[in-house]
Structure formats: structure tokens, C-alpha cells
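The structure under discussion appears below in the form of C-alpha cells.
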Amino acid sequence: MLPKTVLRNYNSEKYLQYLKSLSSSDNSLWKSTKNILKEKNKTPPLRYAGRRLASSNLDKANLFATDLESRFTPHTDILNLEYYHHLVTSLTNTLPMCLPTKHTSPSEVINIIRNLRNNKSPGHDLITNTITKKLPKKAILLLTYIYNGILRLSYIPSTWKHSVIILIHKPGKPPDIPSSYRPISLLPTFSKILEKTTQTHPT
């Protein structure tokens with residue numbers, strides 16, 4: 001069964017359990033109904049510079065992409081052609097093995113996982129911190145092998161480098177302008193755990 005299907009089934013079962021727990025005797029049913037019926041703030045649609053509405057999802061994505069591109073420009077040294085070629089060569093070449101490297105341990109990985117906050121949003125793999133805390137010991141051991149291999153070879157899986165970008169509205173800013181939103185990058189949980197292990201054992 002696919003991970004997304006497992007997560008969907010888990011969330012459905014959890015929601016059904018929540019619905020069954022509602023009761024009129026302890027006011028939980030009333031509180032839940034009140035939250036559902038509570039009027040929520042409506043976000044107006046985005047607008048282009050000419051005040052034309054961005055109606056489709058593709059229009060909104062292109063509008064945000066254009067705005068982010070204008071706000072996040074490359075560093076000046078990237079414009080140096082010689083430095084650019086050197087940078088590309090460094091990124092594409094296989095890095096040599098870095099020995100000796102202080103390895104991590106299953107107990108350290110468990111400690112990092114235990115301190116993860118449950119309310120953090122997951123990355124593109126949809127693996128949350130809560131799910132990570134439920135991993136069996138064998139999975140922790142395999143993760144430790146992977147992390148030590150990454151530290152030894154200086155190679156990070158490309159899928160752990162990909163993030164989901166969400167945009168959060170800045171309080172007090174007009175919601176119909178793209179620049180009123182702050183981008184947040186959501187990395188996979190396993191990637192964030194790796195980052196914490198490297199902070200503990202810098203190479």
C-alpha cells in the first residue's frame with residue numbers, strides 16, 4: 001500500500017474516532033459545531049500589477065514565482081563567469097571520502113527524533129514528526145546507517161534536498177498583493193534530522 005494511502009486511511013480513522021467521542025453531555029459536540037460554524041476570514045484573490053485578477057491556480061503560481069524571483073536575486077559573485085564555472089564544477093563532481101568522520105549513533109538519532117515538535121508541517125513525502133516518533137528500532141538502525149553513509153561519502157540524496165514552498169500572509173499587509181506573503185520552505189523530516197546530526201558532529 002502506498003504511503004499516501006496509509007496516511008489518508010490513518011487520518012480518516014482518527015477523524016472518525018474524534019466524531020464518535022463527541023457528546024452533548026460534556027459540551028464537546030457544541031464546541032465542535034461552534035468551530036465549524038465560526039465565520040472565517042476570507043482571503044481575496046491575488047491581482048496583477050494592472051489589477052487583473054489571478055483566477056486560476058497556474059496564474060497564482062506564476063504571479064508568486066515572478067514576485068519571488070524579483071525579491072531573491074543571486075549574489076554578485078554568481079555573475080562572475082569564472083566563479084560560476086568553478087561553482088558548477090564543484091557541485092557536479094563527486095566529492096572525495098572525508099575520513100575520518102565522527103559517526104552518529106542510534107541513540108543520538110532517537111534523541112533527536114524525541115525532541116522534534118509534533119505540530120510541524122511535513123515535506124513533500126508527507127512523513128510527519130509524529131509518524132517518525134512511531135518508527136520501530138529496526139527503522140532507526142537503518143536510518144543511522146544511511147546518515148553515517150552520508151557523512152562518510154559527503155553525498156545527500158537529492159530527494160532530501162527538495163522542499164515544498166508555502167507562502168504565509170504577513171499581518172497588516174494587503175492580501176491581494178504577492179509581496180505581502182512570506183515564503184517558508186518545508187523539508188522532509190529525515191533531511192532535518194540529518195541536519196541536526198551534522199550540527200552535533202560537524203565535519
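The values are calculated or read from the model by the stated rules, or taken from the named source; none is laboratory data. The structure presented is a predicted model; accordingly, all values stated were derived computationally and were not measured. FYI the Cβ positions are ideal-geometry reconstructions off the backbone, even for glycines, and counts take in every protein chain you see. Quick note on the areas: whole protein, heavy atoms, side chains included, nothing else; ligands and nucleic acids left out. Shrake-Rupley method; radii C 1.70, N 1.55, O 1.52, S 1.80 Å.
Take the conditions (1) over 28 Å from VAL164 (Cα atoms); (2) surrounded by 11 or more Cβ atoms within 10 Å (Cβ to Cβ); (3) of a type in the set (S, T, N, Q); SER25 misses just one of them, which is (2).
With the condition kept exactly as written, say whether any residue in the stretch 178-189 is among the hydrophobic types (A, V, I, L, M, F, W, C), in a loop (DSSP other than H, G, I, E, B) and surrounded by 14 or more Cβ atoms within 10 Å (Cβ to Cβ). Yes, the stretch 178-189 contains at least one residue that is among the hydrophobic types (A, V, I, L, M, F, W, C), in a loop (DSSP other than H, G, I, E, B) and surrounded by 14 or more Cβ atoms within 10 Å (Cβ to Cβ). Contact map, the stretch 57-77: first residue surrounded by 12 or more Cβ atoms within 10 Å (Cβ to Cβ), second residue outside any helix (DSSP H, G or I), Cβ cut-off under 7 Å, separation 6 or more or different chains; pairs are LYS60/LEU46; LYS60/ALA54; LEU63/LEU46; LEU63/TYR48; LEU63/ALA54; PHE64/LEU167; LEU68/PRO183. Scanning for something touching a strand residue (DSSP E or B) at 6+ places or on another chain (Cβ under 6 Å) and either at pLDDT 80 or above or not aromatic (Phe, Trp, Tyr) (or both), does the stretch 32-46 turn up at least one residue? Within the stretch 32-46 (the criterion being touching a strand residue (DSSP E or B) at 6+ places or on another chain (Cβ under 6 Å) and either at pLDDT 80 or above or not aromatic (Phe, Trp, Tyr) (or both)), the answer is yes, since at least one residue qualifies.
Counting the residues of the stretch 154-169 that are touching a helix residue (DSSP H, G or I) at 6+ places or on another chain (Cβ under 8 Å) and either loosely packed, with under 11 Cβ neighbours inside 10 Å or part of a helix (DSSP H, G or I) (or both) gives 2. Of all the residues that make up the stretch 102-146, how many are within 24 Å of THR5 (Cβ to Cβ), open to solvent by 100 Å² or more (accessible area, probe 1.4 Å) and part of a helix (DSSP H, G or I)? The qualifying residues number 1. Figure legend. Inter-residue proximity from the stretch 6-23: first residues touching a residue at least 60 places away in the same chain (Cβ under 8 Å) and closer than 15 Å to LEU126 by Cα, second residues open to solvent by less than 100 Å² (accessible area, probe 1.4 Å) and assigned to a helix (DSSP H, G or I), beta-carbon distance below 8 Å, spacing 6+ or different chains. Indicated pairs: LEU7/ILE131.
Using the structure shown, decide if LEU151 is surrounded by 13 or more Cβ atoms within 10 Å (Cβ to Cβ), part of a helix (DSSP H, G or I) and at pLDDT below 90. Against the criterion (surrounded by 13 or more Cβ atoms within 10 Å (Cβ to Cβ), part of a helix (DSSP H, G or I) and at pLDDT below 90), LEU151 qualifies.
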